[in-house]
Amino acid sequence: MYTKVIYVLVDSLAIIAILLTYGALRKLSTEYARLLRHALIFGAFAIFTNILIAVAPNPSFANHSYSFYFASIDWILLYLTGFCLSYTDHEKSLRVLRIPALIIMIADSVAILLNPLFGHCFSIYEKIHSDAIFYQTTFKPLYYVHLGIDYIAVLITMFFIIYRISKSYDLYRQKYVMILAVLLLVVILNLLYMTLSLVLDASVIFYAVAGTLIYFCIVRFVPKKLMTDSISMVADDMKEGLVLFDLKEECIFANDFFKRRFGLNESTISFSSEPMCSVIRSLKDKGEEFGKTTYLNMRESEKGIEEEHYQIRYNQLKDKKGRGIGTYLLVEDDTEEMSYLKQIRAARDEANEANRAKSIFLANMSHEIRTPLNAVLGMNEMILRESKDPQLISYARNIRTSGNSLLHLINDILDFSRIEARKMDILPSQYNPHDLLRECYDNFEKSAAGKGLSFKIECNTNIPKSLTGDYRHILQILSNLVSNAVKYTKTGSVIISMGILEASARDRKRVTLMLTVTDTGIGIAREDIPQLFNSFQRVNEKENATIQGTGLGLAIAKELVELMGGSIRVDSILGKGSRFTISVPQLVADPTPIGEFRKDILEEEKAYHESFRAPDAHVLVVDDVDVNIVVICELLKKTEIQVDTASSGDEAIAMCTVRKYDLILLDHRMPNKDGIETFHEIRQDGQNTDTPVIMLTANALSGAAEEYQKEGFIDYLTKPIDSKALEQSLAKYLPKEKVLREK
């Protein structure tokens with residue numbers, strides 16, 4: 001009796017296991033999961049009928065229970081076969097076999113279910129075991145047809161599984177082997193039952209076990225195994241090294257990259273081998289347990305000893321609760337990046353060297369050109385001052401105009417160098433907007449009139465009377481635009497327009513100054529407009545070859561406008577003219593409307609008159625070029641300043657030891673001792689250690705002012721020396737009591 005109770009309890013647990021597995025399988029929406037669920041339902045029904053067989057009160061009840069049990073086996077195998085075919089990717093075969101298999105199973109099940117009426121498949125007899133009555137079956141020939149059908153279904157299933165195993169890769173072969181193993185176990189248990197003639201079919205319990213095992217195979221074990229193997233393969237394909245350690249600091253995994261690069265494997269990798277020991281030591285030196293560090297490895301190859309650079313991250317492995325379960329090493333090869341970085345640094349150094357060479361070249365060219373130009377313009381200035389011959393004065397004025405044009409070209413190149421080096425300074429100051437228009441008009445009115453052009457000024461009367469901005473650079477931009485307009489216009493007019501755009505109703509302290517230069521010149525083709533602001537490039541070069549210019553004016557104008565936070569726009573029609581509009585944000589110093597623009601009537605050039613006299617002042621002029629000394633002496637003649645001269649640094653130093661000067665004008669580039677070396681020696685000893693010194697230089701490059709100020713010079717003057725700037729500097733730095741001004 002106890003045997004039956006235990007059997008019923010075990011079968012009941014098996015049913016519960018099947019139902020739990022069925023519920024878990026409902027989360028899967030695949031076809032093979034649906035077929036397995038059906039197989040599990042019939043498995044639960046088979047176990048239930050087996051319980052009825054165990055507790056059957058009479059042979060008739062047992063006969064009916066056996067009929068349902070044997071019929072349920074058909075449907076278990078039918079759906080199990082369908083599951084196996086679907087799971088092993090034989091959907092086409094499944095579709096072909098589905099209808100014939102369904103017909104055969106229905107016919108076989110009906111034949112089994114009719115056994116209680118006809119007794120054609122099996123018969124029931126009693127067997128006493130442990131004082132309990134069990135009902136068993138005696139099989140008849142027709143039953144073996146049923147059994148043959150079931151085993152044919154099993155063989156078909158096994159054939160398709162074995163076929164898939166033979167055609168699959170190792171990675172997927174294991175999941176099919178597991179299903180085949182479960183299927184074979186069911187068959188073996190059934191054969192044991194039949195061979196041993198057991199009083200109860202214990203194999204039926206394995207339907208629950210088989211279903212659960214299949215579930216874990218297809219849902220848990222196989223995916224995880226596939227994932228593990230896939231991750232391992234991916235890790236081996238990585239271009240980085242990966243090593244995993246457990247809590248005992250033993251290596252549990254190392255990918256191919258790491259083993260290949262460092263000549264190690266899982267059995268030889270430890271915390272005492274490289275690169276682990278160096279990485280951990282490096283992190284400890286930084287006071288860190290985990291983190292990132294660099295590692296240099298010297299590896300022998302066919303090319304010899306190669307230097308490899310790595311970025312290595314050593315970190316902790318944690319579970320979902322944040323508990324440490326091991327550590328890992330991630331090794332990234334940045335040898336190629338370091339090589340590129342070296343190339344970039346070399347290219348940068350080469351570019352810097354080229355830039356330094358360019359700066360030296362520009363400085364040299366500036367010096368070499370400005371030095372003779374200083375003599376030309378200086379002597380020409382003396383002709384203008386001394387000559388009374390109208391014809392000579394006319395010639396001298398033409399020389400001055402040409403010299404200033406040459407100086408303008410040089411300044412364009414130097415300005416471009418400043419902008420390129422990002423050393424162009426924006427120096428705001430208060431100015432009257434009319435002064436911009438007036439100075440531009442004065443500079444270009446004669447050249448426009450000489451070509452028969454109408455030159456007009458249009459100005460909005462509501463512009464603030466005083467603005468704050470970089471007057472010099474705005475004038476430079478406007479002058480470039482007007483110069484181009486005059487040069488490229490043969491007939492018609494050039495018009496300068498000025499207006500404003502207020503920033504906003506709330507912000508009355510800011511406006512946008514709008515300057516427009518309109519001409520009726522040759523115009524610009526639409527496709528050429530994008531190239532207008534390129535450096536050293538002129539559009540229609542062939543047609544405009546006779547027109548002077550460096551091709552830098554517009555490039556400089558654009559850069560300067562953008563440095564001031566503004567913009568420049570071009571509208572042009574080929575053959576009809578162009579309009580350039582610049583907009584520059586400015587601060588309002590005096591919001592009073594400026595009123596009508598009035599240009600000063602050009603008068604005949606006034607004769608030169610000195611701005612001051614200083615007969616008691618004593619100045620030393622030092623320059624290795626005699627003509628430069630002559631120019632300065634002549635320019636200062638009417639100021640009555642007492643001028644001593646020296647043609648070298650050593651001579652100047654000697655003179656400064658015996659005489660006290662009120663001011664020293666010192667040339668920069670001289671043979672032997674240059675101006676800076678001479679200046680420092682004068683400062684160390686003699687009677688002029690505190691005398692203000694002005695540097696005379698042809699260096700107009702970016703940073704010159706900062707350089708001379710850093711060395712200790714009170715100021716500097718660029719060559720060609722401007723007579724007005726020279727007198728202003730002397731009046732500023734000479735002792736006040738020695739400067740006599742006209743009342």
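The values are calculated or read from the model by the stated rules, or taken from the named source; none is laboratory data. Model, not experiment: these values are computed from the prediction. Glycine gets a Cβ as well: all are built from the backbone with ideal geometry, and neighbour counts include every protein chain shown. Each accessible area value is taken on the protein alone, full model and side chains, heavy atoms only, with ligands, DNA and RNA left out. Shrake-Rupley method; radii C 1.70, N 1.55, O 1.52, S 1.80 Å.
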Worksheet item: Quick one: in the range 1-53, which of the residues that are among the charged types (D, E, K, R) and open to solvent by 80 Å² or more (accessible area, probe 1.4 Å) is nearest to the chain's Cα centre (by Cα)?
Response: K27
Worksheet item: Taking into account only those residues within the range 695-718 that are at pLDDT below 80 and within 21 Å of V631 (Cβ to Cβ), which is most open to solvent (accessible area, probe 1.4 Å)?
Response: N699
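Can you tell me which residue is modelled with the highest pLDDT among those in the range 311-345 that are basic (K, R) and not in a loop (DSSP other than H, G, I, E, B)?
R313
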Practice prompt. Quick one: E308 ticks every box in (1) part of a strand (DSSP E or B); (2) open to solvent by 30 Å² or more (accessible area, probe 1.4 Å); (3) of a type outside the set (S, T, N, Q) except a single one, so which number is it?
Written response: (2)
Worksheet item: Would you pick out the residues in the range 138-151 that are open to solvent by 60 Å² or more (accessible area, probe 1.4 Å) and either farther than 19 Å from V186 by Cα or at pLDDT 90 or above (or both)?
Response: T138, K140, P141, L142, V145
Discussion item. Conditions first: (1) at pLDDT 80 or above; (2) touching a strand residue (DSSP E or B) at 6+ places or on another chain (Cβ under 9 Å); (3) part of a loop (DSSP other than H, G, I, E, B). S466 passes all but one, so which condition is the exception?
Written reply: (3)
Worksheet item: Which condition number in (1) out of contact with any His (no Cβ under 9 Å at 6 or more places or on another chain); (2) hydrophobic (A, V, I, L, M, F, W, C); (3) open to solvent by less than 70 Å² (accessible area, probe 1.4 Å) is the one that V658 fails?
Response: (3)
Discussion item. So in the range 352-388, with the set limited to residues that are among the charged types (D, E, K, R) and open to solvent by 70 Å² or more (accessible area, probe 1.4 Å), which one is modelled with the highest pLDDT?
Written reply: E353
Worksheet, complete the sentence: Within the range 165-219, the count of residues that are modelled with pLDDT of 70 or more and outside any helix (DSSP H, G or I) comes to 1
Practice prompt. May I ask you to verify whether L663 is under 13 Å from V622 (Cα atoms) and surrounded by 15 or more Cβ atoms within 10 Å (Cβ to Cβ)?
Written response: yes
Practice prompt. Quick one: in the range 451-477, of everything that is within 45 Å of the chain's Cα centre (by Cα) and polar (S, T, N, Q), which residue is farthest from R510 (Cα to Cα)?
Written response: Q476
Fill in: Matching entry among K710, K637 (being out of contact with any Gly (no Cβ under 7 Å at 6 or more places or on another chain) and within 30 Å of H609 (Cβ to Cβ))
K637
Practice prompt. Report the residue count in the range 301-343 for those that are polar (S, T, N, Q) and closer than 16 Å to S278 by Cβ.
Written response: 2
Practice prompt. Filter the range 65-110 for residues that are within 18 Å of G148 (Cα to Cα) and among the β-branched types (V, I, T) and give the result.
Written response: I73, I76, T81, I103, I104, I106, V110
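Here's the yes/no breakdown for (1) under 32 Å from the mean Cα position of the chain (by Cα); (2) closer than 18 Å to E336 by Cα:
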position: A254; (1), (2): no, no
position: F271; (1), (2): no, no
position: E274; (1), (2): no, no
position: C277; (1), (2): no, no
position: E289; (1), (2): yes, no
position: Y310; (1), (2): yes, yes
Discussion item. For the condition open to solvent by less than 30 Å² (accessible area, probe 1.4 Å) and farther than 13 Å from L481 by Cα, what is the one hit in G575, G566?
Written reply: G566
Item to complete: Quick one: count up the residues across the range 424-446 that are modelled with pLDDT under 85 and of a type in the set (D, E).
Response: 3
Item to complete: Being open to solvent by 30 Å² or more (accessible area, probe 1.4 Å) and either in contact with a Ser or Thr (Cβ under 8 Å, 6 or more places away or on another chain) or assigned to a loop (DSSP other than H, G, I, E, B) (or both) is the filter; apply it to the range 725-735 and report the residue that is nearest to D623 (Cα to Cα).
Response: Q728
Worksheet item: Of the conditions (1) in contact (Cβ under 8 Å) with a residue 24 or more places away in the chain; (2) among the aliphatic types (A, V, I, L, M); (3) surrounded by fewer than 20 Cβ atoms within 10 Å (Cβ to Cβ); (4) farther than 20 Å from R569 by Cβ, I495 fails just one. Which one is it?
Response: (4)
Item to complete: Look at K292 and say whether it is open to solvent by 60 Å² or more (accessible area, probe 1.4 Å), out of contact with any Asp or Glu (no Cβ under 6 Å at 6 or more places or on another chain), within 18 Å of L242 (Cβ to Cβ) and among the charged types (D, E, K, R).
Response: yes
Discussion item. Which numbered condition in (1) open to solvent by 10 Å² or more (accessible area, probe 1.4 Å); (2) of a type outside the set (A, V, I, L, M, F, W, C); (3) out of contact with any His (no Cβ under 8 Å at 6 or more places or on another chain) is the only one that P116 fails?
Written reply: (3)
Worksheet item: Among all residue pairs at least 6 apart or on different chains, which show Cβ distances below 6 Å where the first residue, located in the range 458-484, is in contact (Cβ under 8 Å) with a residue 24 or more places away in the chain and the second is buried (at least 17 other Cβ atoms within 10 Å of the Cβ) and polar (S, T, N, Q)?
Response: E458/S497; L467/Q586; G469/Q586
Worksheet entry | Breaking point among (1) part of a loop (DSSP other than H, G, I, E, B); (2) crowded, with 20+ Cβ neighbours inside 10 Å, for T461 | (2)
Worksheet item: Where in the range 52-160 are there helices (runs of 4 or more DSSP H), lying wholly inside it, with at least 3 residues that are in contact with an Asp or Glu (Cβ under 9 Å, 6 or more places away or on another chain) and not basic (K, R)?
Response: 59-87, 91-113
